[in-house]
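The values are calculated or read from the model by the stated rules, or taken from the named source; none is laboratory data. Computed from a prediction, not measured in an experiment: that's the story for all the values here. Note: ideal-geometry Cβ built from the backbone for every residue, glycine included; neighbour counts use all protein chains shown. For the accessible areas, the whole protein counts, side chains as well, though only heavy atoms, and no ligand, DNA or RNA atoms are used. Shrake-Rupley method; radii C 1.70, N 1.55, O 1.52, S 1.80 Å.
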Amino acid sequence: MKTDTLIFDIGSVLVYLDFPEALKQMGLSGRARKKILEVPPIPGFWDALDRGDISRDEGARWFASYVPGDEEAAEYAIRHMTEYVNPIARNVRFLRQAKAAGCRVFYLSNFQKENWEILWGQRADFFS
């Protein structure tokens, strides 16, 4: 059977975020990075962002409330993390090959809207 349509997720399929490395590249202090990485899963946090129930700025403030003493660094990390997302080269190469072979290609993701706009416009030229 020949496939003429492919659907790709975005996060961890076409792009990835090495969050610890991104925090370093952001220039955050070692103490702030450690505290940010130790934040336990926050019930409802990512779902609320993905659904658009809260803005990226609201989400950044919410996340920062879990990092007492380093709230500013935590807010910055959440607001700017998409700027540190990188394409997964082999998967992007496959996507381009499939498209060139005539496959219809779609993206399906719960990627947060404001971060999607950054990704589309700055980090991943292959979306066009």
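Give the accessible surface of the chain per residue, rounded to a whole number of Å², with probe radius 1.4 Å and ligands, DNA and RNA excluded.
Working: 7910 Å² over 128 residues.
Per-residue accessible area for the chain comes out at 62 Å².
Where the accessible area of the range 26-128 is counted over protein heavy atoms with a 1.4 Å probe, how much of it, in %, is carbon and sulfur?
Working: 3200 of 6230 Å².
Summing carbon and sulfur atoms, their accessible area is 51 percent of the total for the range 26-128.
What is the distance in Å between the Cα centres of the range 1-39 and the range 87-110?
Cα centres, the range 1-39 to the range 87-110: 19 Å.
What percent does the relative contact order of the range 5-128 come to when contacts are Cα pairs within less than 8 Å and at least six residues apart?
40 percent.
Using θ = phi - 60° and the Karplus curve 6.51 cos²θ - 1.76 cosθ + 1.60, what whole-Hz ³J(HN,Hα) does each residue of the range 21-34 get, with Gly and Pro shown as x?
With coefficients 6.51, -1.76 and 1.60, one gets 5, 4, 4, 4, 5, 5, x, 6, 5, x, 5, 5, 4, 4 Hz.
Would you grab the residues whose amide H sits under 5 Å from the one on residue 16? Only those 5+ places off in sequence or on another chain, please, with H modelled 1.01 Å from N.
The list, which skips near neighbours in sequence, is 86, 88.
Any chance you could tell me what percent of the C-alpha pair distances in the range 17-111 go past 23 Å? Mind showing how you got there, number by number?
Details: 1655 of 4465 pairs.
Of all Cα-Cα distances in the range 17-111, 37 percent exceed 23 Å.
Give the long-range amide H neighbours of residue 9: residues separated by 5 or more places, or on another chain, with amide H under 5 Å away, using H modelled in the peptide plane at 1.01 Å from N.
108
Summing Lys, Arg as +1 and Asp, Glu as -1, what charge do residues with Cβ under 9 Å from the Cβ of residue 64 carry, residue 64 excluded? Working shown, then result.
Values: positive: 61; negative: 70, 71, 72, 75.
Net charge around residue 64: -3.
What lysines sit close enough to residue 35 to cross-link, taking a C-alpha to C-alpha distance under 25 Å and skipping anything fewer than 8 places away on the same chain?
Within the straight-line cut-off, residue 35 pairs with 24.
Residue by residue through the range 88-104, what is 3J(HN,Hα) from phi via Karplus (6.51 cos²θ - 1.76 cosθ + 1.60, θ = phi - 60°)? Round to whole Hz and write x for glycine and proline.
After applying 6.51 cos²θ - 1.76 cosθ + 1.60, I find 8, 3, 5, 6, 5, 4, 4, 4, 5, 5, 5, 4, 5, 7, x, 6, 7 Hz.
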